[in-house]
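J.: This is the structure, below, for whatever I ask next.
The values are calculated or read from the model by the stated rules, or taken from the named source; none is laboratory data. Here the structure is a predicted model, which means the values were calculated and not measured. Glycine gets a Cβ as well: all are built from the backbone with ideal geometry, and neighbour counts include every protein chain shown.
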Amino acid sequence: KEAENAHDEL
Amino acid sequence: MNIFRLAGDMTHLASVLVLLLKIHTIKSCAGVSLKTQELYAIVFATRYLDILTSFVSIYNTLMKLIFLGSSFSIVWYMKYHKTVRRTYDRDQDTFRHWFLMLPCLLLALLIHEKFTFFEVLWTFSLYLEAVAILPQLVLLQRTRNIDNLTGQYIFLLGGYRGFYILNWIYRYFTEPHYVHWITWIAGLVQTLLYADFFYYYFLSWKNNKKLQLPA
């Protein structure tokens, strides 16, 4: 879930 | 990463390169709003705070550095470069952009995904980016004729978030639990703000005449 929240978009 | 997001990032990259090219080669920023450039520098500064803490990919970090570097150097050129700064029409670029920041900050404090320092600033950068183009569009209506490069810059800047909307739709259907209403609504508002510009840009392209927004 935590990884999900990390913003992976610019 | 999907083709829509890549297209969006490349379009965004192209927009900042077109603007840097214009300012660096013809040493002129006529028709460009410094207020919008300052807002974009703040957007990137508050959005990429995690550049040192969370590593996503080489591409992600590289693009963040490019957007940070280009936005701050454009502001520097327009404010401090001895030749370029003279071409900045400050008496036309009068949008009170600091008044845009406060509502965005308040909204970010109210509506966010997580109430943490980084997340609130990240949400603030989303809201601010949605309205950051307003000073530029107001300036466009005031300065009758705009050169092609400035028109292309705005067109690409508006188009990139349109590609991102396609990316969000794609991710919604391909990734479970991928739901980010705040990002989606801010991105939609941002793209809609360009609607009338796109219309007049298309007309000028179709009739092959100078781009002019109605006063």
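J.: Hey, does segment B:12-21 have a residue that's of a type in the set (Ser, Thr, Tyr) and either touching a Lys or Arg at 6+ places or on another chain (Cβ under 9 Å) or over 26 Å from residue B:141 (Cα atoms) (or both)?
T.: No, because not a single residue in segment B:12-21 is of a type in the set (Ser, Thr, Tyr) and either touching a Lys or Arg at 6+ places or on another chain (Cβ under 9 Å) or over 26 Å from residue B:141 (Cα atoms) (or both).
J.: Same structure, new question: Considering only segment B:46-76, how many residues are among the hydrophobic types (A, V, I, L, M, F, W, C) and either in contact (Cβ under 8 Å) with a residue 40 or more places away in the chain or in contact with a helix residue (DSSP H, G or I) (Cβ under 6 Å, 6 or more places away or on another chain) (or both)?
T.: 9
J.: So which residues in segment B:12-33 are touching a residue at least 60 places away in the same chain (Cβ under 8 Å) and either in contact with a Pro (Cβ under 6 Å, 6 or more places away or on another chain) or outside any helix (DSSP H, G or I) (or both)?
T.: If the condition is that a residue be touching a residue at least 60 places away in the same chain (Cβ under 8 Å) and either in contact with a Pro (Cβ under 6 Å, 6 or more places away or on another chain) or outside any helix (DSSP H, G or I) (or both), then B:27, B:30, B:31, B:32, B:33 are the ones that fit.
J.: Right, next: Among B:64, B:82, which is at pLDDT 95 or above and more than 14 Å from chain A (Cβ to nearest Cβ)? I'd like the intermediate steps shown before the answer.
T.: Values: B:64 fails: more than 14 Å from chain A (Cβ to nearest Cβ).
The unique qualifying residue is B:82.
J.: If I ask for residues that are in contact (Cβ under 8 Å) with a residue 60 or more places away in the chain, under 12 Å from residue B:182 (Cβ atoms) and in a helix (DSSP H, G or I), which ones from segment B:77-128 would you list?
T.: Within segment B:77-128, B:122, B:124, B:125, B:126 qualify.
J.: Same structure again: All but one of (1) surrounded by fewer than 17 Cβ atoms within 10 Å (Cβ to Cβ); (2) in contact with a helix residue (DSSP H, G or I) (Cβ under 7 Å, 6 or more places away or on another chain); (3) assigned to a helix (DSSP H, G or I) hold for residue B:6; state the number of the condition that does not hold.
T.: (2)
J.: Can I ask one more? Inspect all residues belonging to segment B:157-172 and state whether any of them is of a type in the set (A, V, I, L, M, F, W, C), away from chain A (no Cβ under 14 Å), in a helix (DSSP H, G or I) and closer than 19 Å to residue B:189 by Cα.
T.: If we filter segment B:157-172 for residues that are of a type in the set (A, V, I, L, M, F, W, C), which is where we start, we get B:157, B:163, B:165-166, B:168-169.
Add one more test, that the residue is away from chain A (no Cβ under 14 Å), and what stays is none.
No, segment B:157-172 contains no residue that is of a type in the set (A, V, I, L, M, F, W, C), away from chain A (no Cβ under 14 Å), in a helix (DSSP H, G or I) and closer than 19 Å to residue B:189 by Cα.
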